[in-house]
Every structure is written in structure tokens, then in C-alpha cells.
Amino acid sequence: MRPFEFFRKDDIAKTISQKNDKAKFIAGGTNLVDLMKKNIEQPDYIIDVNSVLSTTVEVDKKKLRIGAMSKNSSVAKNADVLKEYSLISKAILAGASPQIRNMASCAGNMLQRTRCPYFYDVTTPCNKRKPGSGCSAKEGENRMNAVIGYSDDCVAVHPSDFCISLAALDATVITRNSKNKKEEIEFKNFHRLPGNTPHLDTNLPQNSIIEAIEIPKNNFGKNNAYVKIRDRSSYAFALVSVAAALDLENGKIKDSRLASGGVAHKPWRWYESENFLKGKMPTTENFSAAADLAIKDLKPLSNNGFKKEMLRGAMITALQNSLNP
Ligand SMILES: Cc1cc2nc3c(=O)[nH]c(=O)nc-3n(C[C@H](O)[C@H](O)[C@H](O)COP(=O)(O)OP(=O)(O)OC[C@H]3O[C@@H](n4cnc5c(N)ncnc54)[C@H](O)[C@@H]3O)c2cc1C
Ligand code: SF4
């Protein structure tokens, strides 16, 4: 690892003022330090955000607010989250391991980088790691990679589980820019599709800091489920995941939410399937039809055609599990 200077300030304005293109914020360090060890990230300065960002999880009548430095484990076991926003807890607990969740911050989770193996193998071309060098995965080993929304320049998938629940629940990211001015980014616009700039994972402005994540009050607290299919039953990233949530009224589906991980460069919302389910009965037949709508646009790569049926099954299972949470 290259030498770097380490800073820890006592307020957020001073912390942001230290940030420049040669500096990186560090929270739990569970992704950043790995990337530094492999020389994928080579910051000259490391700025610790632990002392200036909130670790609190607060609920009021309008929203859930998660401080950026809240640990994944403390959000997953928070009583208010379990009562009213349980989808978030289920998604977090499907990720990583207890030890990592104890270190991992919520903001860091949102900014973790793809697990495409070529991104971590610095001997291979990778447009995300080195713009313009090429994409080794497109014609290479792409079993874990995207089936929708990818480009010729990058077929990587977004790795987080937590973010899939945030996408489903229409979260907002609260940020502060380099002048310490508060800004908001709707979660659906937070992560990017690869296009011809796959080195950019998000629309977080350069040198901005994430301060909190807010989730509006909703009626999805009871009937929800997170299904994650992976190579091992724990401590593995998703081949395919589905966050499903139903708002049921008089036995019918008043509203629904469906989002997936492991399929695209960003958390993917299945709006067409959600619209189809509106007003329908929560039957396996309707769940299957909703899943068919989701998979019809998938364009698998050479090694991941299996994701089509896998997603279909995961979506039906997640919707069925939502009925018996
Ligand atoms: C073996 C292993 C298995 C894993 N499995 C899963 C899994 O199955 N599912 C899953 O979702 N995740 C998984 N993870 C990822 C893990 O959840 C992330 O590494 C973790 O959430 C990152 O949080 P952190 O606080 O450690 O971030 P850091 O490593 O400290 O930071 C990550 C990035 O975020 C930036 N950053 C951090 N905080 C802020 C802020 N407030 N504002 C702006 N920038 C900020 C940093 O500069 C850095 O670029 C796994 C990780 C490992 C090592
Ligand atoms: S898919 Fe993206 S991350 Fe993977 S090798 Fe291609 S450019 Fe790199």
C-alpha cells in the first residue's frame, strides 16, 4: 500500500474543507482499505468521517432517517426499523457477515465498488478501473455480471443488498457539498448506468459527503421480503436478489415495490411489474405474470443466461414470502 496522510477533524465543515481529488473519506474501511491494498485506490490523504457523522437512526411521522455513519448491524436490529421498515433490515442481514456488518457504515455500503473479478485483477483491462483500457468481462468470465442496463464499456453489477431496499422504498440521499451546503439526491438517481463512463458509479458530486439517508413513511412495513440467491448461503454477493413489498387493502394489492440486485450496474426497479400488480389479487398467477414482465427485457451475456429463470423464480418467491412475512 502507498503511504498516505491521515486526518480526523472535529466538525463536518472542517472535514469537507479537507477533501480534494487526492483525498478519500474513510468510514468503516471495509471496502476502501481492500482497494488501497490492491492499488486500485491510491489516495494521498485519508479523511476519517467517524467523528463528524451521525450514527443515529430516527423515526418520525414522515420518515426514517439513518445517519451516514450508522453501522449496518445497528440499523438491521433497530426496533423502529424492524417495526416499520423491516425490508431494510432483511436486506442488510442478507449481506456480508456479522463482523463486516459491525464495521460497515451505511454511506460506505452505498459507495462500495463492484465485485467484478477483473476490476480487482489489476493485470487485466477494465474500463471502470482504468478508463479506455477495455472490458475483460464482456467476452470473458461474466457469470456474475449484468443482464440489463449494461453498455459495451462495462457489464458490471452493483453489489449492495442494503441499496436494493433503499431503491424499493424511494429513499433520498442527504449530502453536503464542498461548500458545506446541504443537497438532496433521489435514490433512483444516485447510482449510474455505465454508459461510456463506467468509472463513475454514482452522481454524488465530487468532494461531497453523504450525511444521511431518508426513507419516506410508507405502507410496506408489514408485507415485504428480500430473496437473495448466491453461490454460498452466507458471505457471498448476490447472483440475483429481489426486494418485494406489498401494500394490501381489502385483499387486493393497492401498491407494490420490486427492486433487484445482481442484474444491473445500479439497483434496478421493476416499474412495469409494479404497475401490473396494482389492483390485482395477490395470487401466484399474478406474481408469475409480473415476473414474466420483468424478465422479458433481459439480455444475458455469454455465461449468465441462467439469471433469467433465476430472477423469475426469485421474484415469485419474494412476492409469495411478502404474504407471510
Ligand atoms: C468479504 C466481504 C463480503 C461482503 N459482502 C457483502 C454483501 O453480501 N452485501 C453487501 O451489501 N455488501 C457486502 N460487503 C460490502 C460491505 O458491506 C461494504 O464494504 C461496506 O458497507 C462499506 O462500508 P464502510 O463503512 O466500510 O466503507 P469504506 O470502505 O470506509 O468506504 C467505502 C467508500 O465510501 C466512501 N465513503 C464512506 N463514507 C462516506 C461518506 N459519508 N460520504 C462520502 N463518501 C463516503 C469512501 O471514501 C469509500 O470510497 C462485503 C464486504 C466484504 C469485505
Ligand atoms: S464489467 Fe466493468 S468492472 Fe468488469 S471488467 Fe468490464 S469494465 Fe471492468
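The values are calculated or read from the model by the stated rules, or taken from the named source; none is laboratory data. Everything numeric in this text was worked out from a predicted model, so none of it was measured. Positions of Cβ are generated from backbone atoms using ideal geometry, with glycine treated the same way; all protein chains shown enter the neighbour counts. In case anyone asks, the SASA skips ligands and DNA or RNA and just uses the protein heavy atoms, side chains included. Shrake-Rupley method; radii C 1.70, N 1.55, O 1.52, S 1.80 Å.
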query: Among the candidates Asn218, Asn224, which residue alone is buried (at least 17 other Cβ atoms within 10 Å of the Cβ), in contact with a strand residue (DSSP E or B) (Cβ under 9 Å, 6 or more places away or on another chain) and in a strand (DSSP E or B)?
result: Asn224
query: Checking Pro198 against (1) surrounded by fewer than 24 Cβ atoms within 10 Å (Cβ to Cβ); (2) out of contact with any helix residue (DSSP H, G or I) (no Cβ under 9 Å at 6 or more places or on another chain), which single condition isn't satisfied?
result: (1)
field: Condition check for Arg101: surrounded by fewer than 19 Cβ atoms within 10 Å (Cβ to Cβ), within 9 Å of ligand 1 (Cβ to nearest atom) and farther than 23 Å from Ile185 by Cβ
entry: no
- request: Under 6 Å between Cβ atoms, at least 6 apart or on separate chains: pull out the pairs that start in region 139-157 with a residue that is in contact (Cβ under 8 Å) with a residue 60 or more places away in the chain and end on any residue that is more than 8 Å from ligand 2 (Cβ to nearest atom) and among the basic types (Lys, Arg).
  value: Val147/Lys307
- request: Enumerate the pairs (first residue in region 102-129 and touching a residue at least 24 places away in the same chain (Cβ under 8 Å); second residue anywhere and of a type in the set (Asp, Glu) and near ligand 2 (Cβ under 7 Å from one of its atoms)) with beta-carbon separation below 9 Å, excluding pairs fewer than 6 apart on the same chain, so at least 6 apart or on different chains.
  value: Asn127/Asp153; Lys128/Asp153
Region 103-121, subset in a loop (DSSP other than H, G, I, E, B) and within 11 Å of ligand 2 (Cβ to nearest atom), residue farthest from Ser74 (Cα to Cα): Asp121
task: Scan Asn31, Asn39 and give me the residue that is open to solvent by 30 Å² or more (accessible area, probe 1.4 Å) and within 16 Å of ligand 2 (Cβ to nearest atom).
output: Asn39
message: Against the condition modelled with pLDDT of 95 or more and surrounded by fewer than 21 Cβ atoms within 10 Å (Cβ to Cβ), how does Met110 come out, does it pass?
response: no
- prompt: So is Val59 among the aliphatic types (A, V, I, L, M) and open to solvent by 40 Å² or more (accessible area, probe 1.4 Å) or not?
  reply: yes
field: Matching residues, region 300-325, being surrounded by 14 or more Cβ atoms within 10 Å (Cβ to Cβ) and at pLDDT below 95
entry: Pro325
- request: Restricting attention to region 9-30, report how many residues are of a type in the set (S, T, N, Q), within 13 Å of Ile210 (Cα to Cα) and within 9 Å of ligand 1 (Cβ to nearest atom).
  value: 0
statement: Filtering region 264-299 for residues that are under 18 Å from Met310 (Cα atoms), assigned to a loop (DSSP other than H, G, I, E, B), of a type outside the set (Lys, Arg) and open to solvent by 40 Å² or more (accessible area, probe 1.4 Å) leaves a count of 1
statement: Considering residues that are open to solvent by 30 Å² or more (accessible area, probe 1.4 Å) and over 14 Å from the mean Cα position of the chain (by Cα), the number found within region 164-195 is 9
Given (1) of a type outside the set (A, V, I, L, M); (2) within 16 Å of ligand 2 (Cβ to nearest atom); (3) touching a strand residue (DSSP E or B) at 6+ places or on another chain (Cβ under 8 Å), index of the condition Arg65 fails: (2)
- line: Of (1) buried (at least 19 other Cβ atoms within 10 Å of the Cβ); (2) assigned to a helix (DSSP H, G or I), Met69 satisfies every one except (2)
